[in-house]
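See below for the structure under consideration.
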Amino acid sequence: MDKSAIIIKNIQESIRLKSLIVSDGSMIETINLIANRIITTFKSDGKVLFCGNGGSAADAQHLAAEFSGKYYLNRPPLNAEALNINIASLTAISNDYSYDEIYSRLIRGTGRQGDILIGLSTSGHSTNVINALKTAKSLGCITIGFTGAGGGAMKAWCDLLIEIPSKDTPRIQECHMLIGHSICEIVERELFQK
């Protein structure tokens, strides 16, 4: 397959997946519910935490920054953070306990009832994300998952789940970001647009 064919194939698959999402009324409703839960949490002086591994960790940072910085509007910052940003904490917890505990331990220290944890895992089987969701639920946090087809083991621990109908990691991550950006825009408009 030549380079142009790869580019075209990837764009076509991305379009196909996004078309499936647009026509899935249940997923659109779930995205709206997530945005509403986040709005309620911010209005109640709560916070939104994110976690993931690899590309999903980068996506977690990206989405947290859209809330703590800005999306479109110049406005006050919102309390959002990706749990993977402190490398000293992650390596200490990994070394002293287990890599599977890196996020659950941080949630135990910072999560409060009514806060939101958004776990990103394209497979839905990332043990450290699942453990974080379990811990967040035990603290009374709202748990949200962004996954691929099937939802994986983390599905059981999510109050709300975005399940992209694909097993292709890059295409799933592209959809996660599109949905995440849409949520950021809804939240920002609701809280700050006059």
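The values are calculated or read from the model by the stated rules, or taken from the named source; none is laboratory data. Quick caveat, the model's predicted, so the values are computed rather than measured. Note that each Cβ is placed from the backbone with ideal geometry, even for glycine, and that neighbours are counted across all protein chains shown. With ligands, DNA and RNA removed, areas are computed over all heavy atoms of the protein, side chains included. Shrake-Rupley method; radii C 1.70, N 1.55, O 1.52, S 1.80 Å.
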Karplus 3J(HN,Hα) series, Hz, for the stretch 76-84 with 6.51 cos²θ - 1.76 cosθ + 1.60 (x for Gly, Pro): x, x, 10, 7, 9, 8, 8, 6, 8
Take every Cα-Cα pair in the chain and report what % of them are more than 32 Å apart. 14
Put a dot 7 Å past each Cα toward the Cβ at LYS43 and MET1; how far apart are the dots in nm? 4.6
Rounded to whole angstrom, the alpha-carbon centroid of the stretch 51-70 lies from that of the stretch 118-194 at a distance of 12
Residue ranges of DSSP H helices in the chain that stretch 18 Å or more (Cα, own long axis) and have mean Kyte-Doolittle hydropathy of at least -1.0 are 3-22, 25-43, 55-68, 169-192
Residues whose placed amide H lies under 5 Å from that of ALA82, excluding near-sequence neighbours: PHE50
Taking the convex hull of the alpha carbon atoms in the stretch 84-169, what volume per residue do you get, in Å³? 85
For each pair in LYS3/LYS155; LYS18/LYS155; LYS9/LYS70, compute the distance between the two Cα atoms and list the pairs where it is over 30 Å. LYS3/LYS155; LYS9/LYS70
The extension gain from GLU13 to PHE192, computed as 0.36 nm times the residue separation minus the Cα-Cα distance, is 60.9 nm
The stretch 111-181 - percent of accessible surface contributed by carbon and sulfur, probe 1.4 Å: 53
Give the accessible surface of the stretch 82-194 per residue, rounded to a whole number of Å², with probe radius 1.4 Å and ligands, DNA and RNA excluded. 43
Amide proton proximity set for ILE142, modelled H, under 5 Å, gap of 5+: GLY114, ASP115, ILE116, LEU117
What 222 nm value per residue comes from the helices of the chain, counting each DSSP H run with n ≥ 4 as -39,500 (n - 2.57) and dividing by all residues, nearest 500 deg cm²/dmol? -18500 deg cm²/dmol
